[in-house]
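Notes for the one structure printed next.
The values are calculated or read from the model by the stated rules, or taken from the named source; none is laboratory data. Bear in mind that the values here come from a model prediction, so they are computed numbers and not experimental data. Counting neighbours? That spans all protein chains shown, and the Cβs are built from the backbone with ideal geometry, glycine included. To get the accessible areas, we keep the full protein, side chains included, count just its heavy atoms, and leave off ligands, DNA and RNA. Shrake-Rupley method; radii C 1.70, N 1.55, O 1.52, S 1.80 Å.
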Amino acid sequence: MASRPGVVSFDLDETLWEFMPMMDGALAAAVDELRQREPSVGLIEVAELHRVRAEVAEQMEGTYEELRRESFRRVLAEHGAHDPELSSWMVERWMEARVRTVRLLDDVEPAMDALAARGYLLGAITNGNFPLHRLPLAGRLAFIVHAEHVGEEKPAAAPFARAAELAGIGRERWVHVGDSVESDVLGAQRFGLRAVWLNRRGLDLPEDVHPDAELQSLEQLPETVDRLLGRPPA
């Protein structure tokens, strides 16, 4: 890996795909499978699942999977389903459905292919629990770091430190890309990485934040990475 020109790491939600269409689609798919398994269970709306999940997050701590399991348990109980195994079954269906319903944004694979052709090592650092390893996209990535597996979420240093350990390449040759000013830009910069703010929605940048670059799509990312790392254009 020492001969690589550098590393480019990516956030996932709102960077590689839109979060809510994926999440809503996966929850709806899990509910459809529940109807087939337990026709007697009353109609469950996606909005209700979101509401109860938010309530659970305020009342208890746990991994994303544990919080989702508890929220499923509560909703199922409200609809008359008290099978203790059913909430775990719902979590499995939901996780599988997320893989089916996610849609990569159009600029993702071309940008990654161009970066890989330049020799950059690619990886992902996420605060979420999306099962990225189940997507074909994972074959392009040298590492995937889930923050909950290292005990702290971005913008804390731990997820970036784990990625650096896996990549084996110095921070001075690293660019992180993400949509969150706090988690991705400030978190990466505090760790000593260059940060590209992916501002797909055209939001205003806080006055005290200075990303190393700002892009509205990934189309110009390969050239931007070359510039930030001082590498001649391909």
| said: Show me, bin by bin at 5 Å from 0, the whole-percent P(r) of the range 1-128 based on Cα pairs. | reply: 2, 10, 17, 19, 15, 10, 8, 8, 6, 4, 2, 1, 0
| request: Rank Met90, Met60, Met23 by mean-square fluctuation in a GNM of the chain with C-alpha springs under 10 angstrom and give only the top-ranked residue. | output: Met60
| note | Phi angles of the range 158-165, converted by Karplus (6.51 cos²θ - 1.76 cosθ + 1.60, θ = phi - 60°) into ³J(HN,Hα) in whole Hz with x for Gly and Pro, give 3, x, 5, 5, 5, 4, 5, 4
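First measure r as the distance between the Cβ atoms of Glu78 and Val99, then evaluate 1/(1 + (r/R0)^6) with R0 = 25 Å and state the FRET efficiency to the nearest 0.05. Could the numbers behind the result be given before it?
Details: r = 28 Å, r/R0 = 1.11.
Efficiency for this residue pair is about 0.35.
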| Label of the coordinate-derived value, percent of Cα pairs over 30 Å apart, listed as (1) 31; (2) 39; (3) 45 | (1)
| task | Mind giving me the nanometre distance, one decimal, between the label points for Asp208 and Glu45, set 7 Å out from Cα along Cα→Cβ? | result | 4.1 nm
| What do you reckon, how do Val181, Val196 stack up by accessible area (1.4 Å probe), largest on top? | Val181, Val196
| query | In sequence order, what are the phi-derived ³J(HN,Hα) couplings for the range 20-33 according to the Karplus relation 6.51 cos²θ - 1.76 cosθ + 1.60 with θ = phi - 60°, rounded to whole Hz, with x for glycine and proline? | reply | 5, x, 5, 5, 4, x, 5, 5, 4, 5, 5, 5, 4, 5
| remark: Interchain or sequence-distant (5+) residues whose placed amide H lies within less than 5 Å of the amide H of Phe10 are Gly123, Ala124, Ile125, Val177
| field | Backbone HN-Hα couplings from phi across the range 51-68 [Karplus 6.51/-1.76/1.60, Hz, Gly and Pro as x] | value | 4, 5, 4, 5, 5, 4, 5, 7, 9, 8, 9, x, 6, 4, 5, 5, 5, 5
| Gain in length, Glu153 to His133, computed as 0.36 nm per residue apart minus the alpha-carbon separation, to one decimal in nm? | 5.3 nm
| Taking K and R as +1 and D and E as -1, what net charge do the other residues with C-beta under 12 Å from the C-beta of Trp174 add up to? | +2
| query | Do you know the relative contact order of the chain, to the nearest whole percent, from alpha carbon pairs under 8 angstrom that are 6+ apart? | reply | 23 percent
| request: Measure off 7 Å from each Cα along the Cα-to-Cβ vector at Glu92 and Phe19, then give the distance between these two points in nanometres to one decimal. | output: 2.8 nm
| message | In whole percent, and with a 1.4 Å probe on the protein chains, what portion of the accessible area of the range 47-86 is carbon and sulfur? | response | 47 percent
| remark: Averaged per residue, the 1.4 Å probe accessible area of the chain, protein heavy atoms only, in Å², is roughly 48 Å²
| note | Rounded to one decimal in nm, the spacing of the 7 Å Cα→Cβ label points at Glu182 and Ala54 is 1.6 nm
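For every other residue with a beta carbon closer than 12 angstrom to the beta carbon of Gly119, add +1 if it is Lys or Arg and -1 if Asp or Glu, then tell me the sum.
Working: positive: Arg4, Arg118, Arg173, Arg231; negative: Asp226.
Net charge around Gly119: +3.
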| How big is the accessible area of Asp11 in square angstrom, nearest 10, if you roll a 1.4 angstrom probe over the protein chains? | 10 Å²
| query | In the range 106-186, carbon and sulfur make up what percent of the accessible area (probe 1.4 Å)? | reply | 49 percent
| request: Considering only DSSP beta bridges where both residues belong to the chain, give the percentage that are antiparallel (nearest 5). | output: 5 percent
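Classify the range 128-234 as rounded, prolate or oblate from the Cα gyration tensor: take a ≥ b ≥ c as the square roots of its eigenvalues, call it rounded if a/c is under 1.5, otherwise prolate when a/b beats b/c and oblate if not. Mind showing how you got there, number by number?
Details: a/c = 1.37, a/b = 1.20, b/c = 1.14.
Rounded.
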| field | trypsin sites (Lys or Arg not before Pro) within the range 45-107, DSSP loop, no more than 14 other Cβ atoms inside 10 Å | value | Arg103
